Amino acid sequence: MLVRAALAAFFSLTVALSAAAESGDGPGSQDTPLSDPARPDADRDRDPGSRPLEVYAWAGIEPGMVVADLMPFSGYNSHLLGHVVGPSGTVLAPWAFSDAAVEALEGRFEEAGLSNVRPMRDVSDVADDSIDLWLTVRNLHDLLIPSIGEQFGFDGDHVMAEMLRTLKPGGSLIVVDARTLGGGLDAQTHRLHEDHAIEVLEAAGFEFVEGSELLRVEDDDYGEMGFPTRYDVDRFLLRMRKPS
C-alpha cells in the first residue's frame with residue numbers, strides 16, 4: 001500500500017529544470033519544450049529541480065533520435081522528449097504499468113499533438129539494436145525491489161536485458177536516481193548508491209562511461225523517501241553504454 005500510495009502521489013507532483021536550455025522543434029513547441037501549453041501545472045512544478053533540458057543536453061539527445069523513456073509514469077519526460085527529438089524522431093514510453101496507463105498516456109500525447117510518442121507495455125515488439133538512447137529517471141531502483149516488480153508485473157533482470165537488446169551498439173543508457181550514502185540499495189527510502197547502480201548494470205552487460213554532479217543537492221539529509229518529492233533530493237546521473 002505504501003508503494004501504491006507513493007506512486008499515486010508521484011503522479012500529482014514532482015521533478016524539474018532551471019529554464020536556460022535549448023529550444024526543441026517538435027509539434028506544439030513554443031520558445032522551449034517547457035513552454036508547451038499542453039503540459040500540466042504539476043509538470044511545471046517539477047521543472048526547476050529536475051532540470052530536464054540540461055539532463056537531455058548532457059545525455060546528447062538530439063532531433064531525429066529514437067529514445068526510450070523507461071516507466072513513463074504520468075509522461076513528464078516522454079512529453080518533453082517528444083519535442084526534443086522532433087517530428088523526425090521517436091519516443092518510446094515502455095513499461096507503463098497497465099493497459100489503462102497506456103491509454104491515459106496515449107490520450108495525453110494525442111491532445112498535445114505529439115504523434116511521435118508511443119506508450120507501450122513493454123518492448124517485446126521492438127527490434128534488436130534499434131534504439132539510440134534509453135533514459136531511466138528515478139526508477140532503476142524499482143527494478144531491484146522484487147515487491148514492486150510483483151505489484152506492477154515486471155521482472156527487473158528481464159527489463160535490463162531488454163534495454164540492452166534493443167539499444168544500438170555504442171548507444172547510451174542514461175540513469176537518474178536518488179542517492180543513498182549507505183551503499184547498495186535502500187529499499188525503505190527508494191534510494192540507490194551510484195556504485196551499486198554501476199555494478200548492477202555492468203553485470204547486465206552495459207559499460208560505464210561517466211557520471212555527472214548536475215543533480216547534486218548538498219543539503220539532502222538522505223532520510224527522506226525518494227518520492228513523491230523527487231525534485232528536491234540528491235540524485236546521481238550516469239551514462240552507461242552498450243558495447244560496440
Taking amide H positions as placed 1.01 Å from N in the peptide plane, with prolines and chain starts having none, which residues 5 or more places from ARG118, or on another chain, fall under 5 Å of its amide H? VAL91, LEU92, ALA93
Can you tell which of VAL137, VAL217, ALA178 lies farthest toward the positive end of the dipole of the chain, using +1 and -1 charges on the Cβ of basic and acidic side chains (Lys, Arg; Asp, Glu)? VAL137
Quick check: convex hull over the Cα atoms of region 32-175, volume per residue in Å³, rounded to an integer? 108
Cβ-based net charge around SER78, under 10 Å, with every Lys or Arg adding one and every Asp or Glu removing one: +1
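Any idea what the dipole of the chain comes to, in debye rounded to 20, about its Cα centre with Lys/Arg Cβ at +1 and Asp/Glu Cβ at -1?
200
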Most exposed to least, judged by fewest other Cβ atoms within 10 Å, SER124, SER212 sort to SER124, SER212
Enumerate the amide H contacts of ARG179 below 5 Å, restricted to partners 5 or more residues apart or on another chain; note that Pro and chain-start residues carry no placed amide H. LEU192, ASP234, ARG235, PHE236
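Laboratory data are not the source of any read-out in this text; all were calculated from the coordinates shown. Being a predicted model, the structure only gives us computed values, none of them experimental. Here Cβ is always computed from backbone atoms with ideal geometry, including for glycine, and neighbour counts include all displayed protein chains.
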